[in-house]
Structures are given as structure tokens and as C-alpha cells.
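Q: Handing you this structure, nothing more for now.
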Amino acid sequence: MRKYLGYALYMGIAAIFILPIFITPFLPGLGALGLFDALQRIYAPSCHQLASRSICYFTDGTIDDCARNGTAVIGRQSEVRFDSLTGYKFPVCSRDVAIYGAMLLGGLLFPFVRKIDDRIAPPLIYFIIALVPIALDGGTQLVGLRESTNMLRLITGFIAGFPIPFYAIPIINMFVLGPGSGKEEAKKVKKTEKKAI
């Protein structure tokens, strides 16, 4: 049972932080506008929450860019309107929705790919490669060369977020379970390094 501790810790924290992101835009339709506003405020320190870079759940049952065709009339910061349609923002931007969602999905898939009590992270080069698309997309936008789209932000965010649990869970396991037996861990490290080369 102890071997599940690090994984359970990662998944528990991830679920508590990430699941409300995906529930928030549906709350006004359930009559929970106060909770919707509270969650928007809770996530505000972690994201710019710009409507032009976010996705919304609309009252016609669709999920789309909050700034459909650039014609959004913003009511509250968390609500957009198009004629008779109202859209309710996810509490973080589209890139963050993808990053956090991918972190949760990667965590769910971790036990199918790695041992649950694994203490060896994959070679760092894989994570660096996963960050290249988001760096190019966000970097070229930041310096004013181009404006990204929410679809591209979702894709690059997903690519960057998915590998995070494959690094985070082994690190948590090291702290929670200890380093393991030295010879066994050394063999794993050598084997991992050979595969990377």
C-alpha cells in the first residue's frame, strides 16, 4: 500500500486543483453563479484570464473561443455575450486548460506506462522537447511576430502538460518512499541513460 503514496499524493493534488477548472463554466446553468464567480477569483492569480485567449461554454451547448469572430461583448470578466448567446469562461486561459488537463490525463495513464512506485524520471531531454512547441508559439506571440489561436494554444499546452506527471511522480516518490535500494536504482539509471543515447 505504501508504494501508492506518491502517486496518490500527485493525483489528489492534481484533482483538487484541476477538476474545478472543468466544472466552473457549467455552474451558471446549474444556478450556482456565486460559486462560478468565486472559482473565477480563486484561479485569477494563476492566469491572465483574457477572454480573447480563453474558451467558453455557451448557452447553446457548445464550447468555443470566447471571442467568436472577435465580436464578443464582455459583460463581467468571466462572461461574454453574442446577441442572445451567453458564454461562461473557463477560469484559466485555453493554454492553461490544456496544460492542466494533460497533467491530469498523464497522471491517469502513468500506472499503465510506468511502475507506480518508480523513482527514476525519464531523461530530461524528452521534457525539453515537449516544451519546444509552447515556447515557439508563446514566444513568437510575446515578441509580436504573430498572434496565436486558441486551437494552437490548446495543442501546445497539451504537449507541454502531458509529460509533467512522468517527472513529478518519480520525484514525489523519492521524497515519500525514499531512494530505494542503491544497486537496483543504479541499474535503472544506467538502463535509462543507454536508451536516451
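The values are calculated or read from the model by the stated rules, or taken from the named source; none is laboratory data. Computed from a prediction, not measured in an experiment: that's the story for all the values here. Cβ atoms come from the backbone with ideal geometry, glycine included; neighbour counts cover every protein chain shown.
Q: Surrounded by 15 or more Cβ atoms within 10 Å (Cβ to Cβ), closer than 18 Å to ASN173 by Cβ, free of Cβ contacts under 8 Å to residues at least 60 places away in the same chain and among the aromatic types (Phe, Trp, Tyr) - does that describe any residue in segment 118-128?
A: Within segment 118-128, one or more residues are surrounded by 15 or more Cβ atoms within 10 Å (Cβ to Cβ), closer than 18 Å to ASN173 by Cβ, free of Cβ contacts under 8 Å to residues at least 60 places away in the same chain and among the aromatic types (Phe, Trp, Tyr).
Q: Between a residue in segment 38-50 that is at pLDDT 90 or above and any residue that is in a helix (DSSP H, G or I), which pairs come within a Cβ distance under 6 Å, given they are 6 or more apart or on different chains?
A: Sorted first by the residue in segment 38-50, then by its partner, the pairs are LEU39/PRO20; LEU39/THR24; CYS47/ASP96.
Q: For the structure I just gave you, tell me whether ILE125 is within 18 Å of the chain's Cα centre (by Cα) and either more than 30 Å from GLY6 (Cα to Cα) or assigned to a helix (DSSP H, G or I) (or both).
A: The answer is no for ILE125.
Q: Here's a check for you: in segment 133-148, which residue that is in contact with a helix residue (DSSP H, G or I) (Cβ under 9 Å, 6 or more places away or on another chain) and not in a helix (DSSP H, G or I) is surrounded by the most Cβ atoms within 10 Å (Cβ to Cβ)?
A: SER148
Q: Now a separate question. Among the residues that make up segment 175-186, is at least one of them modelled with pLDDT under 95, on the phi < 0 side of the Ramachandran plot and polar (S, T, N, Q)?
A: yes
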